Amino acid sequence: MVQLLRAHDVRLSPEKGLSQTANGSSPQPGAFLPVGSPWYLCNYKAMGGPTTQSSPLRKPLDAIPPELAAPSDYERLAPEFIEAAALALISGGSGGEQSLRANVQALADIELHSRILQDFDAASTRITLLGQVFRHPVLLAPISAQTLVHPQGEFATAAGASDQQAGLVVSTLASQPMEEIAAQTDAPKWFQLYIQPEHESTRTLIERAENAGFTALMVTLNAPIQKPSYRAMRAGFVLPDHARPANLGASAKRPPVVLRPDQSPIFQGMMSEAPGWDELARVLEQTSLPTIAKGVTHPQDAKRLIDMGINAMVVSNHGGRALDAMPASLHCLPGIREAVGDEFPLLMDGGIQSGYDVFKAIAMGADAVMIGRLQVYALAVAGSLGVAHLIKLVRDELELAMAQTGCTSIESINRECLFTRAGA
Ligand SMILES: Cc1cc2nc3c(=O)[nH]c(=O)nc-3n(C[C@H](O)[C@H](O)[C@H](O)COP(=O)(O)O)c2cc1C
């Protein structure tokens, strides 16, 4: 397992100015940390200490109140249920958060064309992906460390997904054992893989996923490194022990790589252990499951992945948590659809906040979408009930959008459903 921090201790010394030492000491705020491994496992402390909680947190709800009427209400209520530093970790994006904002704005900029007098007796939201039937195209994205926000963590999320028959993608960095999470849902379930530096660790994860009944492997490719969001750094987030990755075993405890002072902690440090095309090829050889590449935004990468035998892709900028200033996932979608062809299974995530957003992403070329942060907020606010309710709200809005645009099936949603302003 990747060591959590290839830490150079970076200090401002009165004699030498800004200096680096490769002493493998505890990370300082602002240090770069690997993703694909839980960077927040390190004993991470902000200079000023962690953010203090202004008011006591509420206990998760066991009934849905009227104030939870729209999917976005879960985000509005989340600060009352999630500790401030954890909320900073979850809500934040990389860098100046340009991509985070772009995801939401791109969806908000789209308008729909209303159609009238359509018969909906035989209408359905059912789709088939990788030969697997989904009752609707709303999946839950892989999210790490869910016991951070709710004591039942991934178990509750899986139970909520099962209730609404939503596809569930379980993260490599889940805080509960993948076998037990899988047992909580009878809806389609996929395992998200971060390729580990040791082949043996990757192979073990793949074998466990296959044995646990996951029916596809989603390999995340666009987050080999990530700097913690400035929000999380400022808040002094520290991952509690109970939310640590439960499926990585000893591989989570690799010793730090010691670098010479003239070496870069990014190039010769973290990137030296980031997976390349060969490692992906090895994963494809090792698994008998269908494979999905997550984090594809460049058409040339998409074509190469198809040549390698990938079975599906997720167009994703990692919820604005990977390269900042990259475009919204939605804006990358048409280019990838063109590169992969009409029939290739394509998902999208990033910024989905409603069933209308789901509709828009499908109209722009996706077969299905994944919801990230909103699922965490729903989990925190009302556990499995909240997750199920969130999915139901999103599904209802999707069906409303279909009913009012004249689309009786997911396949019939296309660009013609989008309104183009005169002169645009
Ligand atoms: C707190 C948090 C943890 C995440 N953990 C993972 C992860 O373990 N694996 C992964 O592939 N993506 C992870 N992601 C990215 C999501 O799967 C997804 O791509 C993104 O959240 C979608 O954007 P949205 O939050 O705007 O819906 C994480 C995102 C967040 C916010």
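Among the chymotrypsin sites (Phe, Trp or Tyr not before Pro) within region 331-424, those in coil by DSSP and having at most 15 neighbouring Cβ atoms inside 10 Å are PHE419.
Between GLN184, GLN118, GLN226, the residue with the greatest mean-square fluctuation in the GNM of the chain (Cα pairs under 10 Å linked by springs) is GLN118.
For the pair ARG58 and THR128, the difference between a 0.36 nm per residue extended length and the Cα-Cα distance amounts to 21.2 nm. A full extension of the chain between SER288 and GLU207 corresponds to an added length of 28.2 nm, given 0.36 nm per residue minus the alpha carbon distance.
Gaussian network model of the chain, Cα springs within a sub-10 Å range: biggest mean-square fluctuation belongs to which of ASP109, ASP349, ASP241? Residue with maximal mean-square fluctuation among ASP109, ASP349, ASP241: ASP109.
Please give the residues of region 83-117, grouped as numeric ranges, whose backbone N is less than 14 Å from a label point set 7 Å along the Cα-to-Cβ vector of GLN404. Under 14 Å, as judged by backbone N against the label point of GLN404, lie 111-117 of region 83-117. Restricting region 76-119 to trypsin sites (Lys or Arg not before Pro) that sit in a DSSP loop and have at most 13 other Cβ atoms within 10 Å of their own Cβ leaves ARG115. Between ARG135 and ALA424, the FRET efficiency estimated from the beta carbon spacing at R0 = 35 angstrom works out to 0.50. Could you check which residue among SER99, SER288, SER171 shows the biggest mean-square fluctuation in a GNM of the chain with a 10 Å Cα cutoff? Top of the fluctuation ranking is SER288. Loop sites by DSSP among the GluC sites (Glu not before Pro) of the chain, restricted to those with at most 13 other Cβ atoms within 10 angstrom, leave 112-342 as the longest stretch without any of them.
Counting only Cβ charges, +1 for Lys and Arg and -1 for Asp and Glu, the dipole size of the chain around its Cα centre is about 1140 debye.
Rounded to 0.05, the FRET efficiency of the ARG76 and LEU117 pair, given R0 = 25 Å and the Cβ-Cβ distance, is 0.10. The length gained by stretching the chain between GLU67 and GLU180 to full extension, at 0.36 nm per residue less their Cα-Cα distance, is 37.4 nm. Out of residues 5 or more away from THR172 or on other chains, whose amide H comes under 5 Å of its own, with H placed 1.01 Å from N in the peptide plane? For THR172, whose amide H was placed from the backbone, the distant partners under 5 Å are GLN192, TYR194. Rounding to the nearest 10 and keeping the result within 0 to 90°, find how far the Cα-based axis of helix 329-340 lies from the longest principal axis of the chain. Helix 329-340 and the main axis of the chain meet at about 80 degrees. Can you tell me the orientation of helix 277-286 relative to the chain, as the angle in degrees between its alpha-carbon axis and the longest Cα principal axis, to the nearest 10? Tilt relative to the chain: about 60 degrees. Using only the Cα atoms of region 148-290, build the gyration tensor, take square roots of its eigenvalues as a ≥ b ≥ c, and label the shape rounded, prolate or oblate: rounded if a/c is under 1.5, else prolate if a/b is larger than b/c, else oblate. It comes out oblate by the Cα gyration axes. Region 367-424 and region 72-120 have their alpha-carbon centroids 12 Å apart. In this structure, the residue pairs whose Cα-Cα separation is over 31 Å, taken from LYS59/LYS189; LYS294/LYS360; LYS59/LYS294; LYS189/LYS303, are LYS59/LYS294. Using only the Cα atoms of region 125-204, build the gyration tensor, take square roots of its eigenvalues as a ≥ b ≥ c, and label the shape rounded, prolate or oblate: rounded if a/c is under 1.5, else prolate if a/b is larger than b/c, else oblate. It is oblate, given that a/c is not under 1.5 and a/b is not larger than b/c.
The numbers here are math on the coordinates, done by the rules we state, and not lab data. Please read all numbers here as calculations on a predicted model, not as lab measurements. Here the Cβ is made from the backbone with ideal geometry for all residues, glycine too, and neighbour counts use every protein chain on show.
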